[in-house]
Amino acid sequence: MPQSPLAATVASLMPRAREELAELVAFQSVADPDLFPRSECEAAAGWVADALRAEGFADVALLDTPDGTQSVYGHLPGPQGAPTVLLYAHYDVQPPLDPDGWDTPPFELTERDGRWYGRGTADCKGGLIMHLMALRALKENGGVPVGVKVIAEGSEEQGTGGLQRYAETHPELLSADTIVIGDTGNFRVGLPTVTATLRGMTMVRVQVDTLAGNLHSGQFGGAAPDALAALIRLLDSLRAEDGSTVVDGLGSSASWDGLQYSEEDFRKDARVLDGVGLIGSGTVADRIWARPAVTVLGIDCPPVAGATPSVQASARALVSLRIPPGTDAAKATELLAAHLEANVPWGARMTVERTGQGEPFAADTSSPAYAAMADALREAYDRVEMATAGQGGSIPLCNTLASLYPEAEILLIGLSEPEAQIHAVNESVSPRELESLALAEALFLGRYAASRG
């Protein structure tokens, strides 16, 4: 079947998309000044602002949000009486983790085996490029038929809530009839998928103190309370024997009724080593989309190299708790803190610092916008029907937007399919998915405008 003019235009934009994504990936825009200078995020924000101005956006602004980061805003007015669509993505990225674990430099876009590698290629700098491609394709084929607002967040990965708090104090800024969140992904490459639910998240930093200072393990070990051992025992209390999450008072038996995820496929996607079992109970979909999940993100302790024979006086960990829709994030944080306080061993002193929090989200998939998106994805993916799935990750802004604009329809699409390996080393994006989803978004904007006309 010959390409439609719109599809041909999107295809012609791919070389420019690769070039621009390479420019964006080069910014080490990790919103953590302890790891990377703030100037990297500011430079990435400036790049996004310049791109919006070049596309004719008015009122382009760098918004200084309460968490000390910047979000980028722009407005492209539409035809008289046309609906307004808000397009969201974020330009901040996760740290590269172990740079030596990458096959190619994390902040240098590299092509191999039909994919583009680099930190942020899928999550979520590729989402920004997807939005730009869709708008450019429409401009070359009769014009953009809706009003468009773009918001590019600068601290989504840190969970510090800057944009949420800014939006709450400027409620008119992001108002729209429909919101497209470009920060999720297809269930599988080539299977167009909208995300119906997101788990929320809370993060806490836990510190255990037992001694005034480190002690010689030969002289004092066996009686002196070891803070690192106490922390390990405390963290172990967060899991049942089968690995299920245990937080006193937090339900963990919900089930997922939609699209299922076979254990075989999950093991492959998650790269589980042969002979190692999955944790938890219920279906895989139950575990990753409908139930809470605790993860120890890091522990401060002496590295093996250079370690001394010492009983540790202090130890701390960063703990993340993902929570499903229907669970209040503030309540979950309270339960997590109470669980930790109740299970600290040996009378050790413990402090719990809350470092981030985001609410879970559930979309209304029966809305007219979802019907328009289903039609658009079907055409962009050569008659493959749209699937609906959950996602274990969090996008804290979604609930803020749903609260501020209860009449707005919110759709979640994106480039973070399993092969993308977001948040891990060797993150990548499929150029084919980028092209297909940019086309789908362009088709959606046209269909949505027609449905509201």
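The values are calculated or read from the model by the stated rules, or taken from the named source; none is laboratory data. The shown structure was predicted, so the numbers you read here are calculated from the model rather than taken from an experiment. All Cβ positions, glycine included, derive from the backbone under ideal geometry; neighbour counts span all protein chains shown. For accessibility, only protein heavy atoms count, side chains too; no ligands or nucleic acids. Shrake-Rupley method; radii C 1.70, N 1.55, O 1.52, S 1.80 Å.
Computed quantities for the displayed model
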| quantity | calculated |
| --- | --- |
| Where Cα atoms sit under 28 Å apart: lysine pairs in the chain separated by 8 or more or lying on different chains | 4 |
| Sites H216 and S451 - FRET efficiency at Förster radius 56 Å, r taken between beta-carbons, to 0.05 | 0.15 |
| Listed residues S320, T210, T193: farthest to the positive end of the dipole of the chain (Cβ charges) | T193 |
| 1.4 Å probe accessible area per residue over the chain, in Å² | 42 Å² |
| Surface share of carbon and sulfur [accessible, 1.4 angstrom probe, percent] for region 1-120 | 52 percent |
| Quotient of Cα Rg and 2.2 N^0.38 Å for region 307-453, N being how many residues it contains | 1.48 |
| Protein accessible area in region 337-453, 1.4 Å probe - carbon and sulfur % | 46 percent |
| Rg ratio (alpha-carbon, reference 2.2 N^0.38 Å) - region 248-362 | 1.32 |
| Inverse of mean 1/r across different Cα pairs in region 90-226, Kirkwood, Å | 19.7 Å |
| Mean separation of Cα contacts under 8 Å (6+ apart) over length of region 12-52, as relative contact order % | 29 percent |
| Taking region 285-437 and dividing mean pair separation by its residue count, relative contact order in percent (alpha carbons under 8 Å, at least six apart) | 19 percent |
| Axial C-alpha extent at least 30 Å, average Kyte-Doolittle at least -1.0 - helices from the chain (DSSP) | 431-452 |
| Unit Cα scatterers, Debye sum, region 1-158: log10 I(q)/I(0) for q = 0.08, 0.11, 0.12, 0.19 Å⁻¹ | -0.25, -0.46, -0.55, -1.18 |
| Placed amide H near G280: partners under 5 Å, 5+ positions off or other chain | G243, S244 |
| Separation between Cα centres of region 378-432 and region 251-317, rounded to whole Å | 22 Å |
| Cα-based convex hull, region 59-146, per residue volume (Å³, whole number) | 127 Å³ |
| Estimated 222 nm signal from helices in the chain, with DSSP H stretches of n ≥ 4 weighted -39500 (n - 2.57), rounded to 500 | -9500 deg cm²/dmol |
| Net dipole in debye of the chain [+1 Lys, Arg Cβ; -1 Asp, Glu Cβ; about Cα centre; nearest 20] | 240 debye |
| Radius ratio Rg over Rh of region 253-295, counting only Cα atoms, Kirkwood formula for Rh | 0.96 |
| Interchain or long-range residues, amide H under 5 Å from G185's placed H | G414, S416 |
| Carbon/sulfur fraction of accessible area - region 252-321, other protein chains in place, 1.4 Å, % | 56 percent |
| Reciprocal of mean inverse Cα separation for the chain (Kirkwood radius, Å) | 23.2 Å |
| Among A82, L401, L259 the positive-end extreme of the charge dipole of the chain (Cβ point charges) | L259 |
| Distance cut-off 18 Å, percentage of C-alpha pairs in region 145-288 lying past it | 76 percent |
